[in-house]
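Peer 1: Okay, handing you the structure first.
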Amino acid sequence: MADIGCGQGTSTILMAKAFPRSRFVGSDYHEGSIERARQRADAAEVTGRVSFEVASAQAFGGGPYDLVTTFDALHDMGDPLGAARHVLESLADDGTWMIVEPYAGGAVVDNLNPVGRIYYSLSMILCVPGALSQTGGYSLGAQAGEAPIHRLTADAGFTRFRRVAETPFNIVYEAHP
Ligand SMILES: C[S@@+](CC[C@H](N)C(=O)[O-])C[C@H]1O[C@@H](n2cnc3c(N)ncnc32)[C@H](O)[C@@H]1O
């Protein structure tokens, strides 16, 4: 499976430990994070099954993958539609894209609570400028909510989408070719 926008590899390594018979490729466009992810995989003794590459979400390598994940990373991308299209190209026909995004309601008024206030603030100083600094000039922002993410997957060519789980801080979606 492929973990896109894996940062320092926390999620990739956790999954590798939980699923010892599976192989994992983590990628992120930030070189320093990938260096750190490699060191952490060494320390966690999962290197035989886990590799990392410096690559943007629009260009990561390998596949076809049974599972692609983005943990809290889709809304940080400047071209999330390009990323979604590349995920679709990289998935096996019966593969799944698991999208973990910050908890958000569909309207501003739904997010006027402590979690929404924290996420809007962080998004304004971190996620939105980060996304706008990339080619694509697009930003979902941390508070995108379900409808824009569903629309993005449909625009990219995914045919099935559903919200599968949520916590007070995150929503988990799945999309299928
Ligand atoms: C909030 S962090 C999440 C990191 C990791 N998934 C985690 O949960 O710890 C968002 C990550 O998305 C990465 N990112 C942003 N835009 C990207 C892009 N276009 N291609 C690949 N990675 C990207 C950032 O470098 C950062 O590591």
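The values are calculated or read from the model by the stated rules, or taken from the named source; none is laboratory data. Computed from a predicted model, the values in this text were never measured in an experiment. Every residue, glycine as well, gets a Cβ built from its backbone with ideal geometry; the counts of neighbours run over all protein chains shown. All accessible areas refer to the heavy atoms of the entire protein, side chains included, with ligands and DNA or RNA removed. Shrake-Rupley method; radii C 1.70, N 1.55, O 1.52, S 1.80 Å.
Peer 1: For Val115, only one of the following conditions fails: (1) of a type outside the set (Asp, Glu); (2) within 30 Å of Gly63 (Cα to Cα); (3) open to solvent by 20 Å² or more (accessible area, probe 1.4 Å). What is its number?
Peer 2: Val115 satisfies every listed condition except (2).
Peer 1: Pairs only if they're at least six apart or on different chains, beta carbon under 6 angstrom, first in segment 153-177 and open to solvent by 50 Å² or more (accessible area, probe 1.4 Å), second part of a loop (DSSP other than H, G, I, E, B); list them, first residue then second.
Peer 2: The qualifying pairs are Phe169/Tyr103.
Peer 1: Kindly evaluate Gly105 against the criterion of being open to solvent by less than 20 Å² (accessible area, probe 1.4 Å), more than 15 Å from the ligand (Cβ to nearest atom) and on the phi < 0 side of the Ramachandran plot.
Peer 2: Here the answer is yes, as Gly105 does meet what is asked.
Peer 1: If Thr70 satisfies all but one of (1) within 22 Å of Leu14 (Cα to Cα); (2) among the hydroxyl-bearing types (Ser, Thr, Tyr); (3) open to solvent by 70 Å² or more (accessible area, probe 1.4 Å), what's the number of the condition it fails?
Peer 2: (3) is the only condition that Thr70 fails.
Peer 1: Right, another one. Out of all the residues in segment 3-60, which are hydroxyl-bearing (Ser, Thr, Tyr), open to solvent by 50 Å² or more (accessible area, probe 1.4 Å) and either in a loop (DSSP other than H, G, I, E, B) or within 12 Å of the ligand (Cβ to nearest atom) (or both)?
Peer 2: Matches in segment 3-60: Thr10, Tyr29, Thr47.
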